[in-house]
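The values are calculated or read from the model by the stated rules, or taken from the named source; none is laboratory data. All figures in this text were calculated on a predicted structure; none of them were measured in a lab. Here the Cβ is made from the backbone with ideal geometry for all residues, glycine too, and neighbour counts use every protein chain on show.
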Amino acid sequence: MERWVVDISEWDPSPEDLTFSLSLLPPSDQSSVTRFVRVEDRKRALVSRLLQYALVLEVLAIPYHQLVINRTLEGKPYLECGDICLDFPNFNFNVSHHGDYVAIASEPLCLVGVDIVSIVIPQAETVPEFLQSFSSYFSSFEWHNICTAGTTHDMLIEFYRYWCLKEAFVKATGSGLVDNLYKVEFHHSCWENISVNIEGKATREWRFWLLELGKNHLVSVARGHPKLASASYKRTLRQTEFDEKEYLAALHLPNVGFVSRTVEQLISSFTQRTSTAHREVY
Ligand code: COA
Ligand code: MG
């Protein structure tokens, strides 16, 4: 289980640095980065991919040429396992980027979803107008909590907390689906002991954490039962049924905090695990 975060505002690469970092990635990942025009977007997309490869290289201690990361139809990246991750039946990871941060979380058995939000104050409209356009994503209980949170700033923060949790949930399943999120209702005590009701029923198959990253950013992590993955993501897992004891042990592993990484550290994970910086394409 790993949690890593990179503050991209601290990385100011020269054009040569960017070209070198990009060259570490397989060609299909390179084009997913270069399709962005703005430098900040390129940095986020690049660091997202560096994090994914560096984390897998480090956790599984495999050589780079054995590492293949693919995406499901809905776009969720996953490791093509072959026989390289027998110790962790469902080794899976998820990335998020917003504002200054890019983060990754991995789990050995349970599904994992991560989401970052940068709390941005709307400029073109008032906070209530901004929030209103998202009201359909929330249950009446959540919406009431948002609307009665206090000042408009408090309302905005309450909104982003719920949003961040819902995103982590959607991302853990891999569905990418936006429909019916009002049926996924979060409960908490001071944003700890977070639980979820799905379609009105309390479920014990999920755990959530919501943390402050600093500089007005939040990060949430969702951990759930592998059988709850979307059909296409389920196909990437080795084991989706567990006896209750084994599954509960994995669900209730203590969460670990996010460790700050630099881009240079990520790059060194690559260079330590490959004889040449470039990957063979075939
Ligand atoms: N499931 C899980 N992860 C996915 C995914 C999927 N279907 N598709 C892509 N990802 C991963 C990728 O790693 C991607 O980064 P990369 O392309 O650099 O590798 C990363 O998630 C993007 O996550 P994030 O930075 O948090 O972006 P986002 O919040 O804009 O996108 C998605 C999240 C991918 C789930 C997107 O489908 C989405 O926004 N869906 C809408 C969900 C919604 O309406 N939520 C409302 C909450 S109230
Ligand atoms: Mg997001």
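Observations on the structure shown:
- Residue match in region 39-54 (condition: surrounded by fewer than 17 Cβ atoms within 10 Å (Cβ to Cβ) and more than 12 Å from ligand 1 (Cβ to nearest atom)): yes
- Inter-residue pairs, beta-carbon under 9 Å, first small (Gly, Ala, Ser) and in region 59-85, second outside any helix (DSSP H, G or I) and modelled with pLDDT of 95 or more, 6+ apart: Gly75/Gly174
- Boolean, Ile8 is farther than 28 Å from Glu246 by Cα and within 16 Å of ligand 2 (Cβ to nearest atom): yes
- Residues of region 89-115 satisfying the condition of being out of contact with any Leu (no Cβ under 7 Å at 6 or more places or on another chain) and of a type in the set (A, V, I, L, M, F, W, C): Ala103, Ala105, Leu109, Val112, Val114
- Enumeration of residues in region 44-70 that are among the charged types (D, E, K, R) and at pLDDT 95 or above: Arg44, Arg49
- Neighbours by Cβ (under 6 Å, 6+ apart or cross-chain): first from region 155-167, under 16 Å from Gly99 (Cα atoms); second polar (S, T, N, Q): Cys164/Ser220
- Leading residue by the ranking (nearest to ligand 1 (Cβ to nearest atom)) among those in region 71-106 that are crowded, with 20+ Cβ neighbours inside 10 Å and at pLDDT below 95: Leu79
- In region 160-192, the residues that are of a type in the set (A, V, I, L, M, F, W, C) and more than 30 Å from Ser232 (Cα to Cα): Cys190, Trp191
- Cβ-Cβ under 8 Å pairs, at least 6 apart or on other chains, region 173-190 side closer than 16 Å to Leu73 by Cα, far side assigned to a strand (DSSP E or B) and more than 16 Å from ligand 2 (Cβ to nearest atom): Thr173/Leu111; Thr173/Gly224; Gly174/Leu111
- Only a single item in (1) touching a His at 6+ places or on another chain (Cβ under 7 Å); (2) under 25 Å from Gly75 (Cα atoms); (3) without any contact (Cβ under 8 Å) to a residue 40 or more places away in the chain is not met by Ser195, and it is number (2).
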